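As structure tokens, the structure follows; a few thoughts come after it.
The values are calculated or read from the model by the stated rules, or taken from the named source; none is laboratory data. Because the structure is predicted, anything quoted here is derived from the model rather than measured. Here Cβ is always computed from backbone atoms with ideal geometry, including for glycine, and neighbour counts include all displayed protein chains. We work out accessible area using only protein heavy atoms, side chains counted, and drop any ligands, DNA or RNA first. Shrake-Rupley method; radii C 1.70, N 1.55, O 1.52, S 1.80 Å.
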Amino acid sequence: MKIGIITAMSKEREQIVQLLEEKKEIKCGKFTYVVGSLNGNELVIMASGIGKVNTAIGTVEMIKTHQPDCIVSTGVAGGIDPEVSVMDVVVAKSVVYHDVYCGEGNAFGQVQGLPLFFKSNETLYNCAMNLDTDTTILGGLICTGDKFITEPGTLYNIKEDWPNGLAVDMESASIAQTCFIYDVPFISFRIISDTPGVDQHLEQYTNFWETMAFRSFGVTKTFLESLPNNL
């Protein structure tokens, strides 16, 4: 199976690139892809850039250039629920925009003409939720918007709109929407790097990258190694 891996930042991508065998770089247009193998699957990895527009463009380019059998959005996210802690993993059962409203006749969060929630592929979701790992893995809703959440008030508003939300990021829903349009199976697999709204939130995020990132991405390795060879 050919698996497209999309990260927002290059430092997230490099964590995954280290896992590959027989890897090579391919430059195509504005993007550089790293192609290699892992546990019998071919992986194609790209860093799309941060935010909804960058990831939508990156996903289209990934699909057109490499025709993956599925796409995995991986990297980090902020935990927005009391049961979620730094270094836990949140697997999206579904994703939603927390900053979209298309007016009367549309639900808040819904892009007109499209579903309110974009659901992850069931096989990929079940695979993630049944990993044999010491890391806490939680499945549920990831909320996406074009803002790095730091203020408690913003977090409160998101939780008021989406009380079941477990994590917040800037990419998952736009990747999921693009995959929905192109009929490509999708999942978001996110490590919690910080918990917005807490005291010293930015220090928490910085400390994750300085001291914990390498160890925490081990669970991503376990997930990618566990993926089936077909869906």
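Computed values, structure above
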{"item": "Of residues in segment 136-185 being among the polar types (S, T, N, Q) and under 17 Å from the mean Cα position of the chain (by Cα), the one farthest from GLY4 (Cα to Cα)", "result": "THR136"}
{"item": "Answer residue from segment 1-20, given it is open to solvent by 30 Å² or more (accessible area, probe 1.4 Å) and at pLDDT 85 or above and is farthest from the chain's Cα centre (by Cα) among those", "result": "MET1"}
{"item": "ASP81 being in a loop (DSSP other than H, G, I, E, B) and without any contact (Cβ under 8 Å) to a residue 24 or more places away in the chain", "result": "no"}
{"item": "Failed condition for ILE149, given (1) modelled with pLDDT of 90 or more; (2) open to solvent by less than 10 Å² (accessible area, probe 1.4 Å); (3) out of contact with any Cys (no Cβ under 7 Å at 6 or more places or on another chain)", "result": "(1)"}
{"item": "Residue tally, condition under 21 Å from VAL76 (Cα atoms) and either outside any loop (DSSP other than H, G, I, E, B) or not hydroxyl-bearing (Ser, Thr, Tyr) (or both), over segment 92-123", "result": "12"}
{"item": "Lone qualifier among LEU166, LEU155 - being at pLDDT below 95 and surrounded by 18 or more Cβ atoms within 10 Å (Cβ to Cβ)", "result": "LEU155"}
